[in-house]
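Data block below; observations after.
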Amino acid sequence: MDKNGNIKGKFNIIDLLVIILLAAVVVGIAVRYGSSVTTAVKSDEEFEYIVKVESVRDFTISALEKKGKVTDKNSTLDLGEITDVTVEPTEYQSTTADGHIVFAEQPERYTAYVTIRTRGKESDNSYITADSNELSVGRTTEIFSKYVHTSGTITSVEKLSEQ
């Protein structure tokens with residue numbers, strides 16, 4: 001290295017660091033997008049998943065019970081159809097004055113379990129909807145329909161058997 005920081009008069013340390021950084025980016029992209037998931041995707045499978053929508057009021061329940069098609073935010077993609085809605089009162093945890101934990105119903109609030117049937121793709125370890133979202137238990141998802149816009153947590157996903 002000479003007094004200007006150049007290696008053999010042509011490269012300096014910053015040039016070397018830039019080359020190493022570019023190589024790391026290329027390797028990262030190859031690892032991320034060159035995985036075997038895309039080779040194991042099966043087309044056009046039918047799924048049913050249940051979304052738990054918590055602490056909603058009765059007009060949201062009424063809108064969900066109208067069922068109908070589920071779309072993306074811009075209503076351009078058909079993401080399935082609401083086939084069933086089960087409703088129960090919302091409970092919350094409260095501590096009494098003597099320190100006991102009790103569960104009480106929250107007035108005028110409900111928890112809905114919304115069953116949605118859709119078509120999508122299946123890979124070895126996930127289900128993918130038409131808008132490229134992964135369906136997996138615990139994931140938060142939004143529900144857009146003609147009557148309602150809400151969100152909830154996926155509680156179950158099931159591939160429907162061939163008929």
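Restricting to region 57-73, what's the tally of residues that are open to solvent by 70 Å² or more (accessible area, probe 1.4 Å) and over 15 Å from S132 (Cα atoms)? Give the derivation first.
Pass one, region 57-73, residues open to solvent by 70 Å² or more (accessible area, probe 1.4 Å): 57-59, 65-67, 69, 73.
Narrowing further to those that are over 15 Å from S132 (Cα atoms): 57-59, 65-67, 69.
The total comes to 7.
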Problem set entry | Subset of region 117-142 (residues that are of a type in the set (D, E, K, R) and either out of contact with any strand residue (DSSP E or B) (no Cβ under 9 Å at 6 or more places or on another chain) or open to solvent by 30 Å² or more (accessible area, probe 1.4 Å) (or both)) | R117, R119, K121, D124, D131, E134, R139, E142
Exercise. Within the set of pairs 6+ apart or on separate chains, which have a first residue in region 121-142 that is among the aliphatic types (A, V, I, L, M), a second that is assigned to a loop (DSSP other than H, G, I, E, B) and surrounded by 13 or more Cβ atoms within 10 Å (Cβ to Cβ), and C-beta atoms under 6 Å apart?
Worked result: A130/L77
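Looking only at residues that are under 30 Å from D124 (Cβ atoms) and of a type in the set (A, V, I, L, M) in region 43-73, which one is modelled with the lowest pLDDT? Break it down into steps so the answer makes sense when it comes.
Going residue by residue through region 43-73, those that are under 30 Å from D124 (Cβ atoms) are 43-53, 69-73.
Filter once more, keeping what is of a type in the set (A, V, I, L, M): 50-51, 53, 70.
Numbers: I50: 97, V51: 96, V53: 96, V70: 93.
My answer is V70.
Does T76 satisfy the criteria of being under 29 Å from E158 (Cβ atoms), surrounded by 12 or more Cβ atoms within 10 Å (Cβ to Cβ) and not charged (D, E, K, R)?
On the way: under 29 Å from E158 (Cβ atoms): yes; surrounded by 12 or more Cβ atoms within 10 Å (Cβ to Cβ): no; not charged (D, E, K, R): yes.
No, not satisfied.
Residues are listed down the side, and each one gets a yes or a no for (1) in contact with a strand residue (DSSP E or B) (Cβ under 6 Å, 6 or more places away or on another chain); (2) closer than 19 Å to G138 by Cα; (3) free of Cβ contacts under 8 Å to residues at least 12 places away in the same chain:
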site	(1), (2), (3)
F47	yes, yes, no
V51	yes, yes, no
E54	yes, yes, no
D58	no, no, no
S62	no, no, yes
K67	yes, no, no
V70	yes, no, no
T83	yes, no, no
T86	yes, yes, no
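If the requirement is being loosely packed, with under 12 Cβ neighbours inside 10 Å and among the hydrophobic types (A, V, I, L, M, F, W, C), which of these qualifies: V102, V157, V148, V114? Quick ask: steps written out before the conclusion?
Details: V157 fails: loosely packed, with under 12 Cβ neighbours inside 10 Å; V148 fails: loosely packed, with under 12 Cβ neighbours inside 10 Å; V114 fails: loosely packed, with under 12 Cβ neighbours inside 10 Å.
The conditions single out V102.
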Seminar exercise, completed: Taking region 108-155 and keeping residues within 15 Å of G68 (Cα to Cα), part of a loop (DSSP other than H, G, I, E, B) and either modelled with pLDDT under 85 or in contact with a helix residue (DSSP H, G or I) (Cβ under 8 Å, 6 or more places away or on another chain) (or both) leaves Y147, V148
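The values are calculated or read from the model by the stated rules, or taken from the named source; none is laboratory data. Keep in mind it's a predicted model, so treat the numbers as computed, not measured. For neighbour counting, all protein chains shown are included, and Cβ atoms are generated from backbone atoms with ideal geometry for every residue, glycine included. Heads up: the accessible areas ignore ligands, DNA and RNA and are worked out on the full protein's heavy atoms, side chains in. Shrake-Rupley method; radii C 1.70, N 1.55, O 1.52, S 1.80 Å.
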